[in-house]
Number of protein chains: 2
Amino acid sequence: MQLILRVISLLQLIAIIVAVKVSPLPAPRNITWGTDGPIQINVPSLTIQLNQDNNLLSDAFVRIKGSIESLKWYPAATEGPMSSMQPFPTATNLKKRFDKRYSGISTIEINVDDFDAALQLGVNETYTIDVTPSGISVNAATIWGALHSLTTLQQMIIYDNNNYIIEDSVSIWDAPLFPHRGLLIDTGRNFISVAKIQEQIDIMSLSKLNSLHIHFEDTSSWPLYLETYPELTNDAYSAREIYQTSDIVNLIIYAQNRGVRIIPEIDAPAHARAGWQQIDPALIACGESWWSNDVYSLATSLEPPPGQLDVLYPKTYEVLDNIYQELGTLFPDNVFHIGGDEIFGGCYNFSSTVQAWLAANTSRTYTDLAQVYLDQAIPIYLQKQGRKLIMWEDMVLNGNTVPKDSVILQSWNGAQYVPELVEKGYDVIVSSADHFYLDCGYGGWITNDPRYLDIDANEAFNNGNGGSWCNPYKTWQRIYDYDFTANLTDEQAQHVLGAEVALWSEQVDSAVVTQKIWPRAAALAESTWSGNRDPTTGYLRTTDLTQRILNFREYLVALGYPASPLVPKYCYVNPHACDFYKNQTILDEFGLHQT
Amino acid sequence: MQLILRVISLLQLIAIIVAVKVSPLPAPRNITWGTDGPIQINVPSLTIQLNQDNNLLSDAFVRIKGSIESLKWYPAATEGPMSSMQPFPTATNLKKRFDKRYSGISTIEINVDDFDAALQLGVNETYTIDVTPSGISVNAATIWGALHSLTTLQQMIIYDNNNYIIEDSVSIWDAPLFPHRGLLIDTGRNFISVAKIQEQIDIMSLSKLNSLHIHFEDTSSWPLYLETYPELTNDAYSAREIYQTSDIVNLIIYAQNRGVRIIPEIDAPAHARAGWQQIDPALIACGESWWSNDVYSLATSLEPPPGQLDVLYPKTYEVLDNIYQELGTLFPDNVFHIGGDEIFGGCYNFSSTVQAWLAANTSRTYTDLAQVYLDQAIPIYLQKQGRKLIMWEDMVLNGNTVPKDSVILQSWNGAQYVPELVEKGYDVIVSSADHFYLDCGYGGWITNDPRYLDIDANEAFNNGNGGSWCNPYKTWQRIYDYDFTANLTDEQAQHVLGAEVALWSEQVDSAVVTQKIWPRAAALAESTWSGNRDPTTGYLRTTDLTQRILNFREYLVALGYPASPLVPKYCYVNPHACDFYKNQTILDEFGLHQT
């Protein structure tokens, strides 16, 4: 009985999918197509009618209208039945159904409840769209929700038979499942140009990701100019590889205009050397040491170059205070990322103050030392009214404590730590490396390293994974299928604020950043917006996403963004021809245990 | 005693390396720097003086001179001692040594022995360069050797202190170890634009790779227009995704002007469907079948879509004949690649002629069937005078025989097959997937495939390798360290004509092709040109290549080619700071067993 119901619901689902060619990515939470047939849109004369003037929305509309006009997009292929199988119910031919009854819609009526809500964590992004033969109307809680309605419409207006159309009347209610839907880029290991950061923001906006986390600096370079300490950028890679204040201000505006928050990270107390050392070399311990992973008992860091803030040096906190004062002026977001990952005890063998502190009381541990840092630093970070912090989970996993009401933990070490953190009562953003690290799978980057040589192809962490600590490459399917709130109670799941894919940049710079992120990050965009499972059946909807993400990639290339191809084009234009299983419900079956 | 000698030789080697900043990639076979100090080159008025007019060399010189002038290249970092170690002997400061004694060189005197030698497999590519304060003179056996001398000079002329210089007087004797130094691209699974193919040729030329093998078509698409059968390109992906005859003619000229041969591959009898089916559907067996890797006993191919030539259909050979007649007019190279990989018996379950043939004599096998194909097809392929063929090794590994004097085998299944093939007396080009497949490590591409899901992270061919059959990603080190003539006698090694890296394009098109090939292919360029081991010590020179390949990547980016970054820029500008082992001879030790 249950099996029969399930088959019916799948057929119904497929029937809905094939009724129209387009399907936005991420899938809306609730979308109901009508039966009026294609609705013509007068794109050249299309305007929006707002219940109050708003430049941000007007500008967004001009951009999006421009894309629609210049692309004249019509999807080359969409989800449909496998051609050689007994056919599923097929769609009525689109062109046959087109009907010139309507003169075409020239106005999008947008009603926003609250024009003033700031773009901050948790802002209401809800919107509805109603398309009927007589018009398009949008209702949105905030301008951020209204922005999302425009990118949805952008994906729905296609160019068919010399007309811009929406394929049928349709009602959408949409709102994100999670308030934090993020992408991490790292401008410390290698520089990423302002233009390429803008490109990420463009595509995030199109896929409804809303949080760009910039890991601005690391031990290797400091590209962020700050007036308080101009000497920081002496450790930029070159004069061209600096973010000037005007660059940052413009990027923030650029992102805000597209509904994307920029969350800056200054990593401390580990991953600290470049920049800081220019202010005062005594701020940094072990910055000139051999990192010594060849003699691991002497190791000072997990990757070169080493360096950590000397957390017992009083000036460290003075400098942190000054830096956060300026950051607080520069960045409007209430949330700051304070780093906090990978403190490595061995580094402090190079700090006589730390060694003296440990010797003074033999019960003291490195966890105690970290708590000394936290107790002094967190009040400084929190000085600005209303600020919240994100911190990597490491110190809490090591037994340290931080204020639960003001610190969100970002979990990266592995899927198993998410339940542990929410169990402790922390709010969590999930970036588990085993699913969400986009930099994995490209081999390693450490030089003079025999692990890349062909000496033992079977040994783990050797040639078997090409020297990459987090092999394999995370496919879009692996990203999408990760149920990052699995095994949590409903109450615990409330502590998960969202998720973030991360592209660390040891082997990334402007030449490859877009190819490595897209379209994979779109899988996270959907799983954090409307989920990775069919809301009715609870089954993984990976198969449903397949054709949409392939189409999204082609759309990005058409817009000029060099996203990576996922399949031979043959597989894109012939849905299911490249399936492994003829059984179209195989993924449901494999995914069942997680519902 | 041996140890002491070795240390001395390493110190000497390093002393030579640090004496000058530049070191061409691939390393010349023999290079001896003088002690005259920097030699000024009057680049703006630089000309070449040839012993006979030659447009190809004059044009190459104009291009290369343009690059030198527009880049004004000065390497940001070159090989040197690790900074915190007891220093090795360091170079005299370059700028201090610079001396305005010389008015600067304005002529490169080039003497070519044979201006008429055609660019074909085995053409003499030898050249010498002598740079003294009074001039630059080149001797080359052919214009192809002279072209190489110009790319060497391009890498050696740097812009220092407002002057173009070569850092010291120098003598080079150079010639490749192997005549076939190749790169495979695949335009069948996804299309690659003519502009992007030209980009590959540009960089091949700069790194002295000389053979561009184009796998033109596959079961999924046929982009190559042929007059004989215009209907072939009905199976191109779109009208924009076709190589017109003029495109091919221009590409061949473009490549030839840069010393690069284009070797076309039309894959048969397997990997055949698109294009062929437009001529006559009966040419193809199983082209519309389910590929059935889910029920493997019924499988018709190793990847979708399936399709193989019906080798018992007489028209098959008529069509092959016609196609090769036109290819022979279009492509000037003596070598043609005839495919021949992955014949899959199951496909012929869809051929009634094959089934009848098998039934007629129960001793007949699929190997016998393949021999029927070979005995008919190879004489057709060899009709053109002087032609040689390259064929994938598969059929010979399965027990078939082909004429050893006219068929070269390309080995891809794994390093272990190279000795087997040369033992049988075949000439071989090495493309072992376990070292030379550039497409590995990006996860898989088959859709509706639970292998990507997080169901069993430890199972091989599952999430453990991200669904990629040839995981891991092949790092440049793994490519470089592969001693592809290991375990061969000197006589056997003579049968190895060279090697080729392959970028299959299931997940490649114009958006990513350059990033995925470069700079990794430069590791092969060096190992096939001058070897991967120090000629004196026999030790792997991976450490020596490190700084040069990092520099080569930066040079490519400066020229506008989006090659992938290999390391944080910090590691590039601080040689050895990102080494895993402080012991600089560790790779020698690991590599010793292969000398």
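The values are calculated or read from the model by the stated rules, or taken from the named source; none is laboratory data. All values reported here derive from a predicted model rather than from experimental measurement. Cβ atoms come from the backbone with ideal geometry, glycine included; neighbour counts cover every protein chain shown. Surface areas here come from the heavy atoms of the whole protein model, side chains and all, with no ligands, DNA or RNA. Shrake-Rupley method; radii C 1.70, N 1.55, O 1.52, S 1.80 Å.
Once you put a point 7 Å from the Cα of B:Asn349 and another 7 Å from the Cα of B:Ala77, both along the Cβ direction, what distance in nm separates them?
5.7
Please compute the length gained on full extension between B:Asn487 and B:Thr536, using 0.36 nm multiplied by the number of residues separating them and subtracting their Cα-Cα distance.
Full extension from B:Asn487 to B:Thr536 adds 15.7 nm.
Per residue of A:468-480, count partner chain C-beta atoms within 10 Å of its C-beta, then hand back the mean as an integer.
Working: counts 4, 0, 0, 8, 16, 12, 4, 12, 2, 13, 9, 1, 2.
Average per residue, whole number: 6.
What is the sum of charges, Lys and Arg at +1 and Asp and Glu at -1, for the other residues whose Cβ falls under 10 Å from the Cβ of B:Gly259?
Around B:Gly259, the charge tally is +2.
Using a Förster distance of 25 Å, how high is the FRET efficiency between B:Leu559 and B:Ser45, based on the Cβ-Cβ distance and rounded to 0.05?
FRET efficiency, B:Leu559 to B:Ser45: 0.65.
Along the charge dipole of chain B, pointing to its positive end and built from +1/-1 on Cβ of Lys, Arg, Asp and Glu, which listed residue (B:Ala236, B:Val20, B:Asn51) has its Cα farthest out?
In chain B, that residue is B:Val20.
Please report, for A:Ser45, the nm distances (one decimal) from its label point, 7 Å out from Cα along the beta-carbon direction, to the equivalent points in the remaining copies, shortest first.
Computed spacing set for this position: 6.8 nm.
Mean separation of Cα pairs under 8 Å and 6+ residues apart, divided by the residue count of region A:210-288: what relative contact order is that in percent?
That works out to 41 percent.
Which value, in Å² rounded to 10, gives the accessible area of A:Arg520 with a 1.4 Å probe and all protein chains present?
Solvent-accessible area, nearest 10 Å²: 10 Å².
Once you have the Cα-Cα distance between A:Ala360 and A:Gln325, take 0.36 nm times their residue separation minus that, and quote the gain in nm to one decimal.
9.2 nm
For chain A, with only Lys/Arg (+1) and Asp/Glu (-1) charged at the beta-carbon, what is the dipole magnitude about the Cα centre, in debye rounded to 20? Before the final figure, lay out the partial values.
On the way: 37 positive and 67 negative charges, 437 e Å.
Charge dipole, chain A, about its Cα centre: 2100 debye, nearest 20.
Using DSSP to call loops (not H, G, I, E or B), can you name the trypsin sites (Lys or Arg not before Pro) in region A:229-264 whose Cβ has at most 13 other Cβ atoms within 10 angstrom?
Here the trypsin sites (Lys or Arg not before Pro) that fit, given the DSSP loop and packing criteria, are A:Arg240.
If you take the accessible area of A alone, add that of B alone, and subtract the area of the pair, what total do you get in Å², probe 1.4 Å, to the nearest 100? Show your work: numbers first, answer last.
Details: alone 24130 and 24140 Å², together 41560 Å².
Using a 1.4 Å probe, the pair buries roughly 6700 Å².
For a quick check of understanding: with a 1.4 angstrom probe and all protein chains in place, what accessible area in square angstrom does A:Ser530 have, to the nearest ten?
10
Got the relative contact order for chain A handy, in percent, Cα pairs under 8 Å and 6 or more residues apart?
Working: 1149 pairs, mean separation 89.1, N = 595.
In percent, rounded to a whole number, it is 15.
Using the structure shown, select from A:Lys65/A:Lys384; A:Lys72/A:Lys196; B:Lys315/B:Lys388; B:Lys21/B:Lys65; B:Lys72/B:Lys569; A:Lys21/B:Lys516 the pairs with a Cα to Cα distance greater than 28 angstrom.
Over 28 Å apart, Cα to Cα: A:Lys65/A:Lys384; A:Lys21/B:Lys516.
Going 7 Å from the Cα of A:Thr228 in the Cα-to-Cβ direction, what parts of region A:326-351 have a backbone nitrogen less than 19 Å from that spot?
Of the residues in region A:326-351, A:326-340 have backbone N under 19 Å from the label point off A:Thr228.
Using the Karplus curve 6.51 cos²θ - 1.76 cosθ + 1.60 with θ = phi - 60°, what ³J(HN,Hα) values do you get for each residue of region A:344-349, in whole Hz, with x for Gly and Pro?
My calculation for region A:344-349 gives 10, x, x, 4, 7, 4 Hz in order.
Measuring label to label, 7 Å along Cα→Cβ, what does A:Gln355 give against each other copy in nm, shortest first?
Counterpart label points of A:Gln355 in the remaining copies fall at 8.2 nm.
May I ask you to rank A:Leu50, A:Leu183 by accessible area, largest first, using a 1.4 Å probe over the protein chains only?
Details: A:Leu50 35, A:Leu183 0 Å².
So the residues, ranked largest to smallest area, are A:Leu50, A:Leu183.
Can you compute the FRET efficiency between B:Asp280 and B:Gln416 using 1/(1 + (r/R0)^6), with r the Cβ-Cβ distance and R0 = 41 Å? Round to the nearest 0.05.
Plugging the Cβ-Cβ distance into 1/(1 + (r/R0)^6) gives 0.55.
Going by amide H atoms built from the backbone, whose H comes under 5 Å of the H on A:Ile48, apart from near neighbours?
Close amide H contacts, sequence-distant or interchain: A:Ile108.
Which parts of region A:496-533, residue by residue, lose 30 Å² or more of accessible area when the rest of the protein chains are there, as against the chain isolated (1.4 Å probe)?
A:Gln507, A:Asp509, A:Ala511, A:Val512, A:Gln515
Tell me, what is the per residue accessible area of region B:224-302 in Å², probe radius 1.4 Å? Each step should come with its number before you reach the end.
Values: 2860 Å² over 79 residues.
The answer is 36 Å² per residue.
Modelling each spin label as a point 7 Å along the Cα-to-Cβ direction, I'd like the A:Glu318/B:Ser171 distance in nm, to one decimal.
Inter-label distance under the simple model: 6.4 nm.
In terms of the Cα gyration tensor, with a ≥ b ≥ c the square roots of its eigenvalues, is the protein assembly as shown rounded because a/c is under 1.5, prolate because a/b exceeds b/c, or oblate?
Values: a/c = 1.66, a/b = 1.08, b/c = 1.54.
Oblate is the answer for the protein assembly as shown, as a/c is 1.5 or above yet b/c matches or exceeds a/b.
May I ask you to report, in nm to one decimal and beginning with the shortest, the distances from A:Thr585 to the same position in the other copies, taking label points 7 Å along Cα-to-Cβ?
6.7
Counting only protein heavy atoms, probe 1.4 Å: which residues of region A:562-583 lose 20 Å² or more of accessible surface in the full assembly compared with their chain by itself?
SASA drop of 20 Å² or more in region A:562-583: A:Pro565, A:Leu566, A:Val567, A:Pro568, A:Lys569, A:Tyr570, A:Ala577, A:Cys578, A:Asp579, A:Phe580, A:Tyr581, A:Lys582.
In whole Hz and in residue order, list the ³J(HN,Hα) couplings for region A:234-244 that follow from phi through the Karplus curve 6.51 cos²θ - 1.76 cosθ + 1.60, θ = phi - 60°; x for Gly and Pro.
4, 9, 6, 5, 6, 4, 6, 9, 10, 8, 6
Could you pull the accessible area for B:Thr362 with a 1.4 Å probe, rounded to 10 Å²?
Here the residue's solvent-accessible area equals roughly 130 Å².
If amide hydrogens are placed 1.01 Å from N in the peptide plane, which non-local residues have theirs closer than 5 Å to the one on B:Glu393?
B:Gln410, B:Trp412
Summarise the accessible area of chain B (1.4 Å probe, protein heavy atoms) by the percent that is carbon and sulfur.
Carbon and sulfur: 50 percent of the exposed surface of chain B.
Among the DSSP beta bridges whose two residues both lie in the protein assembly as shown, what percent are antiparallel, rounded to the nearest 5?
Rounded to the nearest five, the antiparallel share is 35 percent.
Just reorder B:Asp218, B:Asp53, A:Asp509 by solvent-accessible area, largest first, 1.4 Å probe, all chains present.
The most accessible residue leads, giving B:Asp53, A:Asp509, B:Asp218.
On C-alpha positions alone, give me the angle between the axis of helix A:245-256 and the longest principal axis of chain A, in degrees, nearest 10.
Tilt of helix A:245-256: around 40 degrees.
Kindly identify chain A as rounded, prolate or oblate by the Cα gyration tensor criterion: order the square roots of the eigenvalues as a ≥ b ≥ c, call it rounded if a/c is under 1.5, otherwise compare a/b with b/c, prolate if a/b is larger, else oblate.
Because a/c hits 1.5 or more and a/b exceeds b/c, chain A counts as prolate.
What residues in region B:432-454 lose 50 Å² or more of accessible surface when the other protein chains are added to their chain alone (1.4 Å probe)?
B:Tyr442, B:Trp445, B:Thr447, B:Asn448, B:Pro450, B:Tyr452, B:Leu453, B:Asp454
Give me a comma-separated list of calculated 3J(HN,Hα) values for region A:467-476, in order, Karplus coefficients 6.51, -1.76, 1.60 applied at θ = phi - 60°, integers in Hz, x for any Gly or Pro.
So the J values, rounded to whole Hz, are x, 8, 5, 10, 3, x, 3, 8, 5, 4.
Using helices alone, I'd like the mean residue ellipticity at 222 nm for chain B: each DSSP H run of four-plus residues gives -39500 (n - 2.57), total over residue count, nearest 500.
-9500 deg cm²/dmol
Run the simple label-point estimate for B:Ala117 and B:Asn161 please: 7 Å along Cα→C-beta, distance reported in nm.
Label-label distance for B:Ala117 and B:Asn161, simple model: 3.9 nm.
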